[in-house]
Amino acid sequence: MGIEDILSMLGGQKGEAGGLASIMKLFGGNGNQAGLQGLMSQLNSNGMGDQVKSWIGQGQNQPVSGEQIRQAVDPTVLNQVAEQAHISPEEASNQVAQVLPEMVNKATPQGQMPSSDPFSQGLGALQQMFGPKQG
């Protein structure tokens, strides 16, 4: 299962764009988006600093678990995201754990914070990270 498949599952009827919106919502991107910096700060403060550094850096991405994601996000928001996707909160957090390293990695292709943060620019910028979509 690829990242687009997981994002589509997280997005429910709204597909991949809905999955991206769900992930942004989990990490404070609800209108006044926290952006990549906010996401990294939230994960760092929940003990995932080494993983985040690996996603930004040039080496291999360290994994993160669904349990770690559940600890890092607001459980009410996680429940909302899961309900919208018609999956359990555990399944939602496990899927976020699968796609988040690649999302951050794609957002930081030079191994550092980009000058233009796609996480704070909305869904269009995030979708561009995954290349053109067909259909």
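The values are calculated or read from the model by the stated rules, or taken from the named source; none is laboratory data. Computed from a prediction, not measured in an experiment: that's the story for all the values here. Ideal geometry is used to build each Cβ from the backbone, glycine not excepted, and the neighbour counts take in all protein chains shown.
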Answer from Leu43, Leu39 - the residue that is closer than 20 Å to Lys106 by Cβ, among the hydrophobic types (A, V, I, L, M, F, W, C) and without any contact (Cβ under 8 Å) to a residue 40 or more places away in the chain:
Leu43
Out of all the residues in region 99-114, which are closer than 14 Å to Gln60 by Cα, in contact (Cβ under 8 Å) with a residue 60 or more places away in the chain and surrounded by fewer than 17 Cβ atoms within 10 Å (Cβ to Cβ)?
Glu102
Looking across region 60-93 at residues that are of a type in the set (S, T, N, Q) and touching a residue at least 40 places away in the same chain (Cβ under 8 Å), the single one that is surrounded by the most Cβ atoms within 10 Å (Cβ to Cβ) is Gln84
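Which ones in region 121-135 are assigned to a loop (DSSP other than H, G, I, E, B) and either out of contact with any helix residue (DSSP H, G or I) (no Cβ under 9 Å at 6 or more places or on another chain) or at pLDDT 70 or above (or both)?
Residues satisfying the conditions are Gly131, Pro132, Gln134, Gly135.
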Enumeration of residues in region 19-35 that are over 14 Å from Val99 (Cα atoms) and at pLDDT 70 or above
Lys25, Gly28, Gly35
Within region 1-13, can you find the residues that are at pLDDT 70 or above and more than 16 Å from Asn94 (Cβ to Cβ)?
Glu4
